[in-house]
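The values are calculated or read from the model by the stated rules, or taken from the named source; none is laboratory data. Predicted model, so just to flag it, every value in this text is computed and none were measured. Cβ: placed from backbone, ideal geometry, glycine included. Neighbour counts: every protein chain shown. Note: areas computed on protein heavy atoms with side chains; ligands, DNA, RNA excluded. Shrake-Rupley method; radii C 1.70, N 1.55, O 1.52, S 1.80 Å.
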Amino acid sequence: MDNDELSSRHHPVEENMRMQQRVWRFERLGWYALVVIVSLGLAGLFGNGPLSDGRSISADGRVQVDYQRISRSGTQDNLRISVRGTPGTPVTVELDGGFFRHVSIQTLQPEPQVSRSRGQALLFELGTSADGVATLYLTLHSESVGRLKGVVRSGPASAAAFSTFFFP
């Protein structure tokens, strides 16, 4: 722009070009912020996507939990639990923590051989495959808001802790 365009005008309409340039700059910043928010949303910051997928593995590597780090209240989420054991021998999986007390289990696949409770924890006995792995798929529903922490155990030494933040 030449100097004539940058000066304030009084005819045909009164303009303050300095103020107009500030407004344009603020508008551009708003567009950039909007693009960043939409990109983060598509990447999973506010729900399903690569940024919200999480995995927790126990120190000995026997228990692995695949979960959503970030979710929305009122939606259904999937949780996959894999436990390594002895081939052909059932393994016991314990679900504990505030996470499992504040969500409802909609589906559970495969059906455990035995299920029971111990205090506020749920215990499932699962059969293992030929390679000694037992996998449990859960579909969960929560109306909670905020961070919920859970622990999945298989025996006293194998525990995988995880947490999910639920947006309203």
Those residues of region 20-69 which are within 12 Å of the chain's Cα centre (by Cα) and open to solvent by 90 Å² or more (accessible area, probe 1.4 Å) amount to Asn48, Pro50, Arg55, Arg69
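With β-branched (Val, Ile, Thr), closer than 24 Å to Ser144 by Cβ and touching a Ser or Thr at 6+ places or on another chain (Cβ under 7 Å) as the only criterion, which of Val91, Val63, Val83 stands out?
Details: Val91 fails: closer than 24 Å to Ser144 by Cβ; Val83 fails: closer than 24 Å to Ser144 by Cβ.
After ruling out the rest, the residue left standing is Val63.
Quick one: which strands (runs of 3 or more DSSP E) sit completely within region 9-88 and have at least 2 residues that are more than 19 Å from Phe167 (Cβ to Cβ)?
Details: elements: 53-57, 63-68, 70-72, 76-84.
Filter on region 9-88 gives 53-57, 63-68, 76-84.
Taking Ala130, is it open to solvent by less than 20 Å² (accessible area, probe 1.4 Å), more than 27 Å from Pro50 (Cβ to Cβ), free of Cβ contacts under 8 Å to residues at least 60 places away in the same chain and out of contact with any Cys (no Cβ under 8 Å at 6 or more places or on another chain)? Walk me through how you get there before you give the answer.
Details: open to solvent by less than 20 Å² (accessible area, probe 1.4 Å): no; more than 27 Å from Pro50 (Cβ to Cβ): yes; free of Cβ contacts under 8 Å to residues at least 60 places away in the same chain: yes; out of contact with any Cys (no Cβ under 8 Å at 6 or more places or on another chain): yes.
Here the answer is no, as Ala130 does not meet what is asked.
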For Val114, work out the one condition from (1) open to solvent by less than 80 Å² (accessible area, probe 1.4 Å); (2) touching a Gly at 6+ places or on another chain (Cβ under 6 Å) it doesn't fulfil.
(2)
Matching entry among Phe99, Phe167 (being open to solvent by less than 40 Å² (accessible area, probe 1.4 Å), within 16 Å of the chain's Cα centre (by Cα) and not polar (S, T, N, Q)):
Phe99
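Taking region 111-162 as the search range and keeping residues that are of a type in the set (Val, Ile, Thr) and under 26 Å from Gly74 (Cα atoms), which one is modelled with the lowest pLDDT? Step through it out loud before you land on a result.
The initial filter retains those residues of region 111-162 that are of a type in the set (Val, Ile, Thr), namely 114, 128, 133, 135, 139, 145, 151-152.
Narrowing the set further to residues that are under 26 Å from Gly74 (Cα atoms) leaves 135, 139, 145, 151-152.
Numbers: Thr135: 95, Thr139: 94, Val145: 91, Val151: 95, Val152: 95.
My answer is Val145.
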